[in-house]
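One structure is given below, represented as structure tokens, and several questions about it will come after.
Read the figures in this text as sums done on the coordinates, not as results from a lab. These figures come from a predicted structure and were not determined experimentally. Because the Cβ atoms are built from the backbone with ideal geometry, glycine has one as well, and the counts that use them run over all protein chains shown.
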Amino acid sequence: MMDTMKVSELTEKLDLKVYSGRKGLSRDITGGYVSDLLSDVMGNADAGEVWLTLQTHKNIMAIASLKDLAAILLVGGNKPDEDTARQSDLEEIPILGTSLPAFEVAGKVYDLLKNDAGIQG
Amino acid sequence: MMPVYRADLHVHTVLSPCGDLDMSPSAVVEQAAGKGIHILGITDHNSTRHGPLISQLAEKYGILVLFGAEVTTREETHCLAFFETNESRIQFQEYLDRHLPDIPNNPRLFGYQVVVDAQGNILDEEPRLLISALDQTLEQVEQMVHGLGGLFIPAHIDRPSYSLISQLGFVPPGLAVDALEVSAHGTVQELVTRFPYLEGTTFVRGSDAHHPDQIGQHATRMQLEDLSFREIALALQGAPGRGIMVEPLMEGQ
């Protein structure tokens with residue numbers, strides 16, 4: 001049992017798209033957070049978490065950078081806006097994607113982090 | 001010195017599902033006149049359809065009506081948009097109609113969405129739920145509004161729901177706004193203290209009236225050369241001789 005998982009491992013195991021920020025695929029994930037209100041994420045997400053959202057606005061990158069999140073995972077087939085993807089490359093925080101809805105992805109991510117990686121977060 | 005006018009740029013009508021059934025165009029105009037409003041922004045959710053009638057009814061009181069809407073962007077932020085001419089209003093209405101999702105209104109849950117005439121007779125009912133979010137981003141809406149020569153003012157940005165700050169965490173730097181609307185829950189000073197880069201941005205406050213007696217409860221003073229859309233745009237830009245002042249909140253508001 002290990003207590004972190006790399007963004008790249010999560011990406012492979014869940015067959016996620018990598019839209020941007022490839023240089024950050026080696027970041028460690030310490031937990032997850034799900035919310036579409038950026039004010040809430042700013043207040044309550046913790047460093048190292050992978051953030052599941054449907055928001056694609058450039059501000060998501062500012063929040064990810066501010067909170068030092070491991071990666072952003074866009075649910076429901078959402079794609080980052082162009083300037084959002086550019087910022088992700090600059091910050092080296094990956095933006096991932098899946099066509100699955102938030103509920104299903106959250107379940108899978110939770111399962112992987114808790115059961116495979118033993119992360120308590 | 002240029003004259004000072006009193007503006008309420010955020011008023012719903014009976015067309016908004018949440019708008020009181022007493023918010024008929026004639027009631028809105030009479031209330032605005034009684035509250036000393038000179039500039040009236042009609043901002044139903046994702047619809048501009050009551051603008052022309054209200055403008056016509058307001059003429060005899062000398063009130064300038066701005067054709068507008070309170071648009072819900074994809075991020076679920078509310079933004080006020082205003083247009084100078086009926087032609088640009090119609091073009092924007094077509095844009096709204098194209099991008100509003102096809103989700104039917106349930107009047108029992110959300111309220112009626114009706115277009116009425118000067119006597120309050122129902123002319124039309126909007127079948128789609130007007131409080132849905134458009135499939136257009138904040139920036140796409142901003143570009144559309146400005147492309148039509150309109151004014152773009154994110155609404156009640158400090159509110160805990162449907163605001164730039166609740167949905168996007170903070171005001172995106174570089175967003176091309178003509179002004180930002182502060183809600184009745186906060187002050188311009190609080191916002192600028194929290195977000196220093198907003199210093200120098202023009203602020204307004206409207207009533208967000210859903211009931212007739214709320215019209216003019218919150219307002220913005222505008223010093224203008226004359227009562228016109230162009231002068232309002234100039235004042236928001238900070239042109240010399242003009243001025244914009246958010247009326248202070250009264251005790252207990």
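Which residue, B:101, B:196, B:212, has the most motion in a Gaussian network model of chain B that connects Cα atoms within less than 10 Å?
Top of the fluctuation ranking is B:196.
When DSSP beta bridges are limited to those with both residues in chain B, what percentage is antiparallel, rounded to the nearest 5? Walk me through the intermediate numbers first.
Values: 23 of 34 bridges.
Percent antiparallel among DSSP bridges in chain B is about 70.
Amide H of residue A:48: which non-local residues (sequence gap of 5 or more, or other chain) have their own amide H closer than 5 Å, using H built in the peptide plane?
Residues meeting the amide H criterion: A:69, A:70.
Still on this structure, please answer the following. Out of B:161, B:16, B:207, any idea which swings most in a Gaussian network model of chain B, alpha carbons joined below 10 Å?
B:161
Could you check which residue among A:25, A:52, A:38 shows the biggest mean-square fluctuation in a GNM of chain A with a 10 Å Cα cutoff?
Maximum among the listed residues: A:38.
So if I place +1 on the C-beta of Lys and Arg and -1 on the C-beta of Asp and Glu, and nothing else carries charge, what would the dipole magnitude of segment B:10-143 be about its Cα centre? I want it in debye, nearest 20. It would help to have the intermediate numbers written out before the result.
Details: 8 positive and 20 negative charges, 55 e Å.
The calculation lands at about 260 debye.
Related question: Treating cross-link reach as a plain straight distance, find the lysines whose alpha-carbon is under 21 Å from the alpha-carbon of residue A:6, omitting any fewer than eight places away in the same chain.
Correct list for residue A:6: A:17, A:23, A:67, A:108, A:114.
So how far apart, in nm, are the two label points at residue A:65 and residue A:108 if each is 7 Å from Cα heading toward Cβ?
Going from the residue A:65 label point to the residue A:108 one covers 3.0 nm.
Picking from A:75, A:32, A:44, whose Cα lies most toward the positive end of the charge dipole for segment A:5-116 (charges on Cβ: Lys, Arg +1; Asp, Glu -1)?
A:75
What's the magnitude of the charge dipole for chain A around its Cα centre, counting Lys and Arg as +1 and Asp and Glu as -1 at the beta-carbon? Answer in Debye, nearest 20.
Rounded to the nearest 20 debye, it is 180 debye.
Have a look at the DSSP beta bridges in the protein assembly as shown and tell me what percent are antiparallel, nearest 5.
Of those bridges, close to 55 percent are antiparallel.
Tally the DSSP beta bridges in chain A and give the antiparallel ones as a percent, rounded to 5.
Percentage antiparallel, nearest 5: 30.
Right, here's the next one. Of A:59, B:36, B:228, whose Cα points farthest to the positive end of the dipole of the protein assembly as shown (charges on the beta-carbon: +1 Lys, Arg; -1 Asp, Glu; origin at the Cα centre)?
Value computed over the given set: A:59.
To the nearest 20 debye, what charge dipole does the protein assembly as shown have about its Cα centre, counting +1 at the Cβ of each Lys and Arg and -1 at the Cβ of each Asp and Glu?
300
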